[in-house]
Amino acid sequence: MLEGNNVNLRIVEKEDLLIIKEWTNDLHIDGEYSPILQETINNLEKQYDNLIEGQMYFIEKKDETKIGFMIHMLSGSEVPGIGYAIIPNERGNGYGTEAVKILIDYIFLSKNIVRITAKTHTDNIASQKVLEKAGFTKEGILRKEMFLCGKWNDSAIFSILREEWKEPKILLI
Ligand SMILES: CC(C)(COP(=O)(O)OP(=O)(O)OC[C@H]1O[C@@H](n2cnc3c(N)ncnc32)[C@H](O)[C@@H]1OP(=O)(O)O)[C@@H](O)C(=O)NCCC(=O)NCCS
């Protein structure tokens, strides 16, 4: 488990995918800026098996309540990409920002990579604030890159380089 001050990241095991399915299929959790998905357990298991060099995590409060999930995956040419969601009634408490900081600590501490990327819908202010507070820089706009709610939307692409990463916030001992 990866421990922070207010949240921990716990690996999602295959047998936990039922919870991920409930959340993925609940359109309020991923929110208006994420693709509308309805997944079967079978589909999620295949995606889980194909997460080569990647991982899914639950975001948990210190009392082990699960309040969201995150993923990191290789998005081509050895650059990990990340994604995350917090359940609606736990948003606005700083948990999303802390979870992203923990995940980037883990990736930079465990993998010999120089950059991590994340993409968000250009209107997703909360997600962009999370990334900026976690040390990411906005690189630019990818035009009509994301198919959401029946139309093509622009995404903002963010990255953090190893040399921009401050010392770990993750509790290592
Ligand atoms: C994006 C998300 C993970 C943020 O999680 P969170 O725990 O609420 O984030 P934090 O509490 O760390 O807040 C980070 C900043 O965003 C701001 N914020 C939160 N919700 C906001 C909203 N709806 N509109 C504008 N700003 C918002 C917070 O005020 C905070 O900024 P501040 O410190 O300057 O006040 C959460 O909103 C979410 O799960 N959204 C749906 C899924 C999603 O969009 N995922 C990202 C896909 S790229």
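Laid out as a table, the results:
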quantity	calculated
Normalised contact order of the chain, rounded percent, pairs of Cα under 8 Å and 6 or more residues apart	22
Charge dipole (debye, nearest 20) of the chain; +1 at Cβ of Lys and Arg, -1 at Cβ of Asp and Glu	460
Loop trypsin sites (Lys or Arg not before Pro), the stretch 8-85 (other Cβ atoms within 10 Å of the site Cβ: 15 or fewer; DSSP)	Lys62
Kyte-Doolittle at least 0.0, axis length at least 20 Å by Cα - qualifying DSSP helices, the chain	95-110
Accessible area of the chain divided out per residue, in Å², using a probe of 1.4 angstrom	56
Which of Glu3, Glu22, Glu32 is most accessible, then next, and so on - probe 1.4 Å	Glu32, Glu22, Glu3
Mean-position separation - Cα centroids, the stretch 105-145 and the stretch 146-173, in angstrom	2
Overall Cα dimensions of the chain - principal axes, largest extent first, Å	42, 37, 32
Overall form of the stretch 94-173 per C-alpha gyration tensor (a/c, 1.5; a/b vs b/c)	prolate
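The values are calculated or read from the model by the stated rules, or taken from the named source; none is laboratory data. Computed from a predicted model, the values in this text were never measured in an experiment. Here Cβ is always computed from backbone atoms with ideal geometry, including for glycine, and neighbour counts include all displayed protein chains. These area figures cover heavy atoms from the full protein model, side chains too; ligands, DNA and RNA do not enter into them. Shrake-Rupley method; radii C 1.70, N 1.55, O 1.52, S 1.80 Å.
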